[in-house]
Structures are given as C-alpha cells and as structure tokens.
There are 2 protein chains.
Amino acid sequence: MPKREIPPVALRPERYAVGIDLGGTNIKFGVVSAAGKIVRRARIPTLAARGPKKALRRVVATIRRFARDYEIAQVGMGVAGLIDHKLGIIRLPPNLPGWDGTPVKDIIEKATGIPASVGNDVNACVLGEHLFGAGKGRRDVFCLTLGTGIGGGIIANGRLVVGANHAAGEVGHTTIFPDGQMCKCGSRGCLECYAGAEYIVQRALALLRTLGPKLKSRSLIRRYTRNHPENLTTKVISRAARHGDPLALEVIRETGYYVGLGIANVIHLLDPEVVVIGGGISGFGKPLLTAIQATVDERTPRFEDWRLEIRLSELGDDAGVLGASQFRRYI
Amino acid sequence: MPKREIPPVALRPERYAVGIDLGGTNIKFGVVSAAGKIVRRARIPTLAARGPKKALRRVVATIRRFARDYEIAQVGMGVAGLIDHKLGIIRLPPNLPGWDGTPVKDIIEKATGIPASVGNDVNACVLGEHLFGAGKGRRDVFCLTLGTGIGGGIIANGRLVVGANHAAGEVGHTTIFPDGQMCKCGSRGCLECYAGAEYIVQRALALLRTLGPKLKSRSLIRRYTRNHPENLTTKVISRAARHGDPLALEVIRETGYYVGLGIANVIHLLDPEVVVIGGGISGFGKPLLTAIQATVDERTPRFEDWRLEIRLSELGDDAGVLGASQFRRYI
C-alpha cells in the first residue's frame, strides 16, 4: 500500500472537471465540482456513423461552452471498448463502428488546451462509485454493470486496475459453466451468456412456454406483453416481479444465482470491501440482490468481521460521468 | 497508475534484507542482496507444536547471527494463512496450530530493532517472481502455487494486492464447476478440488482401475508404486510422465485443463502480463504448461499483440524467501 495517502479528488474548490460518457447513441456531459456534484449537464446525439471527427467537434464545442462559465481543470471521457488508457486512443469500440484508433485525448487537448483522459466506460463507473457513491471511502471496490453486456471495473489499494492490455475487469466473460453454451466472444459458458439481458429474456420465454394454461393465463409477463413475446424486455420482467409474478421472480432469482457465481470468484480473487451492482439489470433490485447474496454466502465461506458488502449502485446513470471526470489522477 | 515510478528494490548496495519462509515443518532464511541474490541461507525446524514464542526466539537468534556479518535493513516473513499484513499478525495459519493471533512483526522488531513485515506466503512468491523472477519488469503479474492447496498472489500496477481482508488471490477456491464436488472450505467445485495434489492422485488411481489387464501391466505408475497405490504421489506421476506413461500424461493434461479454467478467469478479471506457475505440481513441467495454455487460448479470445505469457516459476523454492525479503515496501 502506498505510504502517502492521496486525497481522492485533487481539484481546488473553485475548479471543475468535465465528465463525458460517450455512448453509441448519446454523449452525456457533466460539469463536476470538487465535491463530486454535477452542477451542469448536457446531452447530444452521437451520430456515430458520421465518424469521430464530426462528433468530437461537437464534444469540443460543448466543453468550450462549459469553459465560459466554469474554470475547467480537466476533462475525462468513458467509452465502451478496449481503450488505451495511457494514450487515450479508442480501440475496437463495439458501439462506434469506424472509430477504431481515434486519438480522442489528443484531439480534445489540442482543441481545448485542457488536459484530457480517456478510459473504459466501466472503469469510469467503478471510479465514480469509489469516489462518490456506494464504494466511497473504500480502497477495494469491484463494480459490475449488468445490461446487454456485463462489464466490471476494479479499484484495488485505492487505484484503478486496468491491466496489461487495458482489459481488466471482464467479469462478463469469466466462465461460470465450463461446458455451457457458446458465447459470441468465442469462449463457452461465460457469465454474460446467462445473465446478459437477452439471455434473461430468452430464459423467461422458455419458462413461460412450460406453464400450464391456468398459470399462463395468470402470468403478468404475458399480460404486459399483450401476448406478444417479442415485446418482452428485462424492464417488463422487472415490473412483473414488482407485482409479485412468480415466473418473473424465478427468472430474477436465477439471474442472481449466475451473477453470484461470477461475483464469488471475484471475491476470492480480489477480496473487495464493496461490490457495487450497476447497469440496467440492477433495476431488478432487492430480489436480485438477495439471490446474489445467497449464492455468494454459499460460495465464499468467510470469517467473523469479514468486510464485504454487496450493494446496488448509488449513482446510477451518473456513475460514468462522475468517474470519467476524475480519470486524470487515476489513469 | 502512479506518476512517480518507484524503483523495485530500495536497498543501498551495501545493505541486505532477510527473507523468511515460515512453514509448518521448516523455517527457511535467506540474506538477500540489493540485486536479489541470496548470499547466505539457513534452515531450522519449526517445531510448531511447541508454540510461537520458542520458534520466534530461534528466528530472532538467526537474524542476529546474520546481522553480525551483514548490515540488515529489513526483515520480511511469509506465512501460510490469513495474515494481517498491516499489523504483521498471523491469523488462522493452517499449518501452525496454536499460533493464531501471534504478533510476529512486533516480536521480531522489538527483539532485533530491525523493521519487519509479515505477509501471506503466496504474496511473498508473487513479489519474488515480480522483482527477481519470471515476472521481472512486468507491472501486472499473477502467481499460482500448485501443491496440496492452490494459492494465488496478485501484482497490479506494480503493487501487491492484498484485499480488504488480506485474503486476495484465493484462486484455489474459485468455482470451476458450480455443481462439482464439495470442498473442505464449505463451497463446491473449487479449483483445488480438481487440481490439488491429493485430488490429482485420486484421479490417477481411479483411471488406473479402469485399465484393462494388459495396459495395467504396462503402467509405469503401477510399477513405480510397486503395485501399492497408497504410495502414489504427484512426484511419481511426474516421473511416469517423463518416461512417456500415457495415463500419467492424461492426468497431467486434465490437471492443466482445470488449472487453465481457473487462470482464464484470472486473465479476464486482472489482465496480467505474466502468469507464473509455481509450487510442487509445477514440476509436471511442459505437458502441464501446454494443457494450461490450450485451455486459456480457448477461453480468452485475444487480439493481436496481446501481452500475456504463462510461464513456470523461475525462482522455485526461493521465490518465497526473496519476495518476503522485500515485503517492507509493498505491504
């Protein structure tokens, strides 16, 4: 552990950081105070297909607009993909076809004169939760984002762990069933094949087909989708569960079991003090958390006074913007 | 990543460090130069059952003996168990009954006046390999020790990761088969239940029983154990494999598959540049490494120029002493 403690946020109170969450559809901005409050927000469409140059021109314009009203000390951006954290170059972004190799850091710095950092979007989330959210004050934090894909980010010893190839934290592609189904990634039995959004929906539909006519007629999932299974989403499952639908609850319980298997392995390897669950699927809420906790308890026998909490994200959608705003000190 | 690079070894050339590997049977010592060479060695019996006080008195006497001939700047000790790295207290040591709670750091410092650090034995190994061995010059290293138990140690960003409960790196208890056999730890399907020494031996015996009389009569394992299966050890399997025994090679291949499953998950989570395989079972050598590599390649689809090597330990039995000698700067 470093002998000298570094204060988490290095901004003088009168200075601000801009955090940017660059997605395939939208670019979200936040002007973040030294206390971790978002004092101004903006959102512009990515229009990714028109290429990175045009989009980044609009990003730069937005930063300049902020700079008229705030003293901006640093800019940070989170992007899905294998980001070169050191050079600030986007590599193989899944949602930004044609953007591979874009030197985002350089472009922003040259255009604005403000130091910029670029990192993976899930790394932004874990940093946000570590500095301002559910992992505040804890030196060892793991954050999972559950959605279409399943991502992970690591804070160990109070520092971001990016790995030798900028690819650390890929909990979604850890194997939970060695002989399980093929994953798009080329491996087999990955956590994502069981707890990714589309697989959850598929499982719910498969379960629905096994119901007898009486139970089927009572199913809230069936009612909410108006008997059009193609309309089923994890949000519908969430809503059905809140109203007590047994099949929806069973699907959530199963999802929690799978996620719990992945988290138990994370706990054995990293021994985090807090595991934070974020992303859209974390909207399953309490029943999901309960099932995760039960699996983790079964799989990670722990001693008394063991420091471990599994919590839902506190920052929700803001985690990425808040974390990215503080990348400078961490990558 | 820290902006300021810290040189790995902080000793002035004329100063030395003492590394100690405290095992259930023996205590091994090394006087380590700033260049990472062991310039003097000692080994005394632990006599663990007589209690920690007597053993530590002999440890202190040995350190004092060294201090007559060398300027000793620091002492470090690696011990199996859940060590409080900060306070230097041994907790729940599996091989030292009655030693729970022993404040080893305090005892050594008070008696010798030399700064002492105490850490987990596998953390000592990974630090040794990182500073002086197969992981030299790499900032992200994972080390597995394969033996009766399976341990792991993590270097991330050039720093030791001990976790919130001093329990990080426990790759032996990550689940590889969720519905697998019960483990002594209370969980199920742990890597250790498939690749721990006694399970390897059991598997070899089970395979031996399935052989027809002709193949059985040719089995080197059967010959080396003189038809006494209770004499079978992993060393015998190793020897039989070196002489081409098909059953021994099959057992090693299977072991590599299991270890590979565990390592693949480590790679997804930590993205190390080097994975170092140590411990007695690493004596299986090349066939083990080949099987591990094949499984990892299947499970972790990687891009071109990906930085990852899986290597056998370079320091062997010395890793623990060498790493422990440098604990001071890392824990």
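Residues checked against (1) at pLDDT 95 or above; (2) surrounded by fewer than 18 Cβ atoms within 10 Å (Cβ to Cβ); (3) closer than 29 Å to B:GLY163 by Cβ:
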position	(1), (2), (3)
B:ALA241	yes, no, no
B:PRO246	yes, yes, no
B:ILE263	yes, no, yes
B:PHE303	no, yes, no
B:SER313	yes, no, yes
B:ALA324	yes, no, yes
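Being within 30 Å of A:GLU273 (Cβ to Cβ), among the small types (Gly, Ala, Ser) and in contact (Cβ under 8 Å) with a residue 12 or more places away in the chain is a property that A:ALA55 lacks.
Reported count of residues in the range B:135-154, each being at the interface with another protein chain (Cβ under 10 Å from one of its Cβ atoms) and hydroxyl-bearing (Ser, Thr, Tyr), is 0. For the range B:155-183, residues that are more than 7 Å from chain A (Cβ to nearest Cβ) and not in a loop (DSSP other than H, G, I, E, B) total 4.
If I filter the range A:292-302 for residues that are under 16 Å from A:THR145 (Cα atoms) and either of a type in the set (Val, Ile, Thr) or in the same structural domain as A:LEU144 (by TED's automatic domain parsing) (or both), do I get at least one hit? Looking through the range A:292-302, at least one residue is under 16 Å from A:THR145 (Cα atoms) and either of a type in the set (Val, Ile, Thr) or in the same structural domain as A:LEU144 (by TED's automatic domain parsing) (or both). Filtered by the rule that a residue be assigned to a strand (DSSP E or B) and either aliphatic (A, V, I, L, M) or within 17 Å of A:ASP106 (Cβ to Cβ) (or both), the range A:34-77 gives A:ILE38, A:VAL39, A:ALA42, A:ILE44, A:ILE72, A:ALA73, A:GLN74, A:VAL75, A:GLY76, A:MET77. For B:ALA294, the conditions (1) within 14 Å of chain A (Cβ to nearest Cβ); (2) among the hydrophobic types (A, V, I, L, M, F, W, C); (3) crowded, with 20+ Cβ neighbours inside 10 Å are fulfilled apart from (3).
Checking every residue in the range A:107-117 against the condition of being touching a Ser or Thr at 6+ places or on another chain (Cβ under 7 Å), farther than 30 Å from B:LEU261 by Cα and hydrophobic (A, V, I, L, M, F, W, C) gives zero matches. Looking across A:ARG226, A:ARG222, one residue alone is crowded, with 19+ Cβ neighbours inside 10 Å and farther than 23 Å from A:THR145 by Cβ. It is A:ARG222. Going by the structure shown, is B:ALA124 closer than 27 Å to A:VAL161 by Cβ, away from chain A (no Cβ under 13 Å) and assigned to a helix (DSSP H, G or I)? Yes: the conditions hold for B:ALA124. Could you tell me whether any residue of the range A:199-220 is within 14 Å of another protein chain (Cβ to nearest Cβ), within 24 Å of B:GLY189 (Cβ to Cβ) and touching a residue at least 60 places away in the same chain (Cβ under 8 Å)? Checked against the condition, which is being within 14 Å of another protein chain (Cβ to nearest Cβ), within 24 Å of B:GLY189 (Cβ to Cβ) and touching a residue at least 60 places away in the same chain (Cβ under 8 Å), the range A:199-220 yields no hits at all. When every residue of the range A:214-235 is checked against the conditions, at least one turns out to be within 23 Å of the chain's Cα centre (by Cα), outside any loop (DSSP other than H, G, I, E, B), more than 23 Å from B:PRO178 (Cβ to Cβ) and of a type outside the set (Ser, Thr, Tyr). Taking residues in the range A:247-276 that are under 15 Å from A:GLU298 (Cα atoms) and within 11 Å of chain B (Cβ to nearest Cβ), and partners anywhere that are in a helix (DSSP H, G or I) and among the aromatic types (Phe, Trp, Tyr), the pairs with Cβ atoms closer than 8 Å and at least 6 places apart or on different chains are A:TYR258/A:TYR194. Return yes or no: is B:VAL275 among the β-branched types (Val, Ile, Thr), closer than 21 Å to B:ASP140 by Cα and in a helix (DSSP H, G or I)? The answer is no for B:VAL275.
For the range A:167-182, residues that are hydrophobic (A, V, I, L, M, F, W, C) and farther than 19 Å from A:GLY260 by Cβ total 3.
The values are calculated or read from the model by the stated rules, or taken from the named source; none is laboratory data. All figures in this text were calculated on a predicted structure; none of them were measured in a lab. Neighbour counts run over all protein chains shown; Cβ positions are idealised from the backbone, glycine included.
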